[in-house]
Amino acid sequence: MKIAIDRESLAKSVQDVMKAVSPRTTIPILTGIKITATSQGVTLTGSDSDISIESFIPVEEEGKLLVEVKETGSVVLQARFFAEIVKKLPQQTVEIEVGPNFLTVIRSGKAEFNLNGLDPDEYPRLPQIEEENIFKIPTDLLKTIIRQTVFAVSTSETRPILTGVNWKFENGELTCTATDSHRLALRKAKIETENPQSHNVVIPGKSLNELSKILDDSNDPVDIVVTANQILFKTKHLLFFSRLLDGNYPETARLIPTDSKTDIIVNAKEFLQAIDRASLLAREGRNNVVKLTTLNDGIIEISSVSPEIGKVTEEIQSESVEGEELKISFSAKYMMDALKALDGTDIKISFTGAMRPFLLRPLHNDSMLQLILPVRTY
Amino acid sequence: MQKMYRKQGRIILHVDCNSFFASCEIARDPSLKEKAVVVAGDPKERKGIVLAANYIAKRRFGIYTTMPLWEAKKKCPSLVVLKPDFSLYRETSSKVFQFLRRISPLLEPASIDEGYLDITECDSLGSPLEIAEYIQQGLLQTLHIPVSIGIAPNKFLAKMASEMKKPLGITVLRKRDVPNILWPLPVKEMHGVGDKTAKKLNTIGIFTIGELAKAEEERLQQLLGINGIRLKERANGIDDRPVDPEAGEKWKSIGNSTTLPYNVTEERILLDVLRELAQSVSERMKRKRVVSSTVQIMIRYSNFQTITRSKTWENPFQEAEEIFQYAAYLLKKHWNGNPVRLLGIAALDVFDKKAAMKQLDLFHYEEEAKREALWKTMEQLRQKFGEDIIRRGANLFQQD
């Protein structure tokens, strides 16, 4: 293999595939990045066997020559060193040449690195996915959906299925649900497809986080292909494969309350700031818990007590409070996470009692909801 | 003479650190001494609030605790803003209490920056006023922490007295001073009367402490429950609560261990022993009405090598079965199979059950929700008649 390649394009691609490379892996060759040159261009691959990312640099794009392939071929280079080298090379063009025993020379300007490469035939093959049954979704919407749900996945391995986000494709609609059993985030979106089949899969939270990092903010469509144990996200020059989690995701729809006893409408931003202030003292305490009390005339009191440190109370004027009066305690962190995810202006919070889950929704939008379980004080 | 002195009753000091967080910061960095200093939540952000301010900030610039930081900065552009360092405050706090304990072991820390000290038996150290001066000077010189001290025959009056002169005040409040000094004050100034209680009292025409002292007991009880009666007593300068050194965080941990009659290598027998230990730890926790989130087990092998292993769970526990499950988990994980001669279980960092919380779980909350009506009723009864009026039947047997 012998190529001359635009350094910036290479650096960007390396950065993307590095998201899948883990320094700790049981398969040594996966600490490397695989580089393959064909007459169409250069493909970089990184993988930790859960996530695999493939980034393609075409020979030319928008009239600009990006790669000159002098000799096709393939090599695996140590990711850590390769990424650092590419970042720091002096010139706009990088030459990569693979000699016998995969000894690789990287040249740019007067700098020359000799790296010991590895045999690309030892690199595991990426899953072969037939590109049928494609769902399409705009990139920016996909990123929003991920941001609004993935924070709620469980970080504990006690119930591994909850470390993923449940994606249901049904009747042209995608429903994403994440819960760590203390709070739940749900987001629905219309999805473009000619595929009548429904799918119900669980994608590891970590995969979605990494995917979100390498997607740009355009509204170009992302193609999504679902198979029995893999999901593939495909953009113009990027393939992102993720393993799916085994097992059945718990049925959560019936756990979401449909009636309510107390409804509060508040400005999300003011409410978030009040919770943030109240949690200042609670953060040091055991559980970071704040208490919400409805007072008269639509006033809500937010308070928190840490016996050793002190207490804080703040009154907020809500848009409206309807129904029974209420005193409820909950984790300030869960509340702040939920409010940040909703990013609406006015939100409605519906309670069914101090020991029952409550719902947060944007006032005029039912495509998303956040659910939080309260804290019981003794 | 000394006997006469004691017959008059108790002598209680309330020692209150002035602007504690700010004082700790200044003690650490004396160059701040002549500057306006506040401790505030995240100074980088606009939304931070003032958690503590030193007297220069308070007096010269009118800055108060809970004031938004941007407002404080507007009042004093040269304001020194520090992020809270709670570990420094805790460390300083424990040094202050250590100092006080050397005067009298009857010390009850009431919060991180204040405590009650019973010096009734300390006449050999000097008069109450001399002792207070010694404490004030001692804390200022050794720890650079200024305190105000109230001297009185009970905790309530001592607390009211220490509030009267800040910083570095020493105030004596005798019972016979109550009509002259306390009664003219607005009822809201009284320790134990918050905004809400004050508003309630206002509705029945009580605006001063004196009016509360003379109010009809029945009306107070109707309005505030048992607490109303207590407040009236306090307003009359009566408060017989003892200074209880164990009132705060008394039991750091509760544990039991047992030496086995012979060296054991069978897991089944070890588990039986753990079950019994869990039972006794649970009983002691219930008796003291505390819970814990951390279980520790101790294993001593026949060669006297001893290991302890602990794990913290998310929700606090108190029941024997839970403790046993956690201990058994630890044993299975850490026992190396060698013969064991002693086993122990301890609940670490126990805390008052009232401060305990349980994060409810989406898949199991129904069980808790069923008891909601019961909890509500219990809370209402407690508010009306006091903490001890009702307890769950199963817990009744745990009383001392």
Ranked packing of B:316-323, A:182-189, B:19-26, most packed first, by mean Cβ within 10 Å: B:19-26, A:182-189, B:316-323
Taking alpha-carbon centroids only, region B:49-105 lies from region A:28-46 a number of Å equal to 58
GNM, chain A, Cα, under 10 Å: largest mean-square fluctuation among A:107, A:24, A:125? A:125
Is region B:183-235 best put as rounded, prolate or oblate by its Cα gyration tensor, with a ≥ b ≥ c the root eigenvalues, rounded for a/c under 1.5, and otherwise prolate when a/b is larger than b/c, oblate when not? rounded
Phi-derived 3J(HN,Hα) across region A:9-23 with the Karplus relation (6.51, -1.76, 1.60, θ = phi - 60°), rounded Hz, x for Gly and Pro, is 4, 5, 4, 4, 5, 4, 4, 5, 6, 4, 4, 9, 8, 10, x
Summing -39500 (n - 2.57) over the DSSP H runs of n ≥ 4 in the protein assembly as shown and dividing by its residue number, what mean residue ellipticity at 222 nm do you reach, to the nearest 500 deg cm²/dmol? -8500 deg cm²/dmol
What is the sum of charges around residue A:141, taking Lys and Arg as +1, Asp and Glu as -1, for the other residues whose C-beta is under 15 Å from the C-beta of residue A:141? -2
If I build a Gaussian network model for chain B, linking alpha-carbon pairs within less than 10 angstrom, which residue out of B:168, B:374, B:106 has the largest mean-square fluctuation? B:374
Restricted to pairs 8 or more residues apart or on different chains, the lysines in region B:214-334 with C-alpha atoms under 24 Å apart form a number of pairs equal to 11
Rounded to whole angstroms and listed largest first, the alpha-carbon spread of region A:135-253 along its three principal axes comes to 38, 30, 23
Longest principal axis of chain B (C-alpha) makes with the long axis of helix B:226-235 (C-alpha) an angle, in degrees to the nearest 10, of 40
Residue by residue through region A:58-69, the couplings from Karplus 6.51 cos²θ - 1.76 cosθ + 1.60 with θ = phi - 60°, in Hz, x for Gly and Pro, are x, 4, 9, 9, 6, x, 9, 6, 9, 9, 10, 8
The alpha-carbon center of region B:250-321 and that of region A:210-250 are separated, in whole Å, by 48
Candidates B:86, B:97, B:156: whichever shows maximal mean-square fluctuation once chain B is modelled as a Gaussian network with Cα springs under 10 Å: B:86
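Average the reciprocal distances over every distinct pair of alpha-carbons in region B:21-86, invert the result, and give the Kirkwood radius in Å.
On the way: mean 1/r = 0.0885 Å⁻¹.
Taking every pair of different Cα atoms in region B:21-86, averaging 1/r and inverting gives 11.3 Å.
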Note down the relative contact order for chain B as a percent, whole number, built from C-alpha pairs under 8 angstrom at least six residues apart. 13
Hey, what angle do you get for helix A:205-214 against the long axis of chain A, alpha-carbon based, 0 to 90 degrees rounded to 10? 60
So what's the angle, to the nearest 10 degrees on a 0 to 90 scale, between helix A:139-149 and the longest Cα principal axis of chain A? 50
Go from 0 up to the bin containing the longest alpha carbon distance in the protein assembly as shown, width 20 Å each, and give me the % of pairs per bin. 13, 34, 34, 16, 4, 0
Cα-based Rg then Dmax for chain B, in Å, read 25.8, 75
Using only atoms on other chains, find how many Cβ atoms lie within 10 Å of each Cβ of peptide A:268-276 and report the average. 1
Cα gyration tensor shape for chain A, rounded if a/c is under 1.5, else prolate or oblate: prolate
GluC sites (Glu not before Pro), restricted to region B:196-271: which are DSSP loop and have at most 11 other Cβ atoms within 10 Å? B:216, B:246, B:266
Counting Lys and Arg as +1 and Asp and Glu as -1 over every other residue whose Cβ sits under 13 Å from the Cβ of residue B:26, the net charge comes to -1
Exercise: per-residue mean of other protein chain Cβ atoms within 10 Å, B:363-370: 5
In whole Hz and in residue order, list the ³J(HN,Hα) couplings for region B:313-323 that follow from phi through the Karplus curve 6.51 cos²θ - 1.76 cosθ + 1.60, θ = phi - 60°; x for Gly and Pro. 9, 5, 9, x, 10, 8, 6, 4, 5, 4, 4
Amide H of residue A:230 versus every other amide H placed in the peptide plane: which residues, excluding those fewer than 5 positions away on the same chain, fall under 5 Å? A:244
Pairs A:206/B:353; B:58/B:83; A:213/A:311; A:234/A:269; B:166/B:188: which are spaced more than 29 Å apart, C-alpha to C-alpha? A:206/B:353; A:213/A:311; A:234/A:269
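Readers should treat all values here as calculations from the given coordinates under stated rules, not as data from a laboratory. Predicted model, so just to flag it, every value in this text is computed and none were measured. Heads up, the Cβs are rebuilt from the backbone with ideal geometry, glycines too, and the neighbour counts pull from every protein chain shown.
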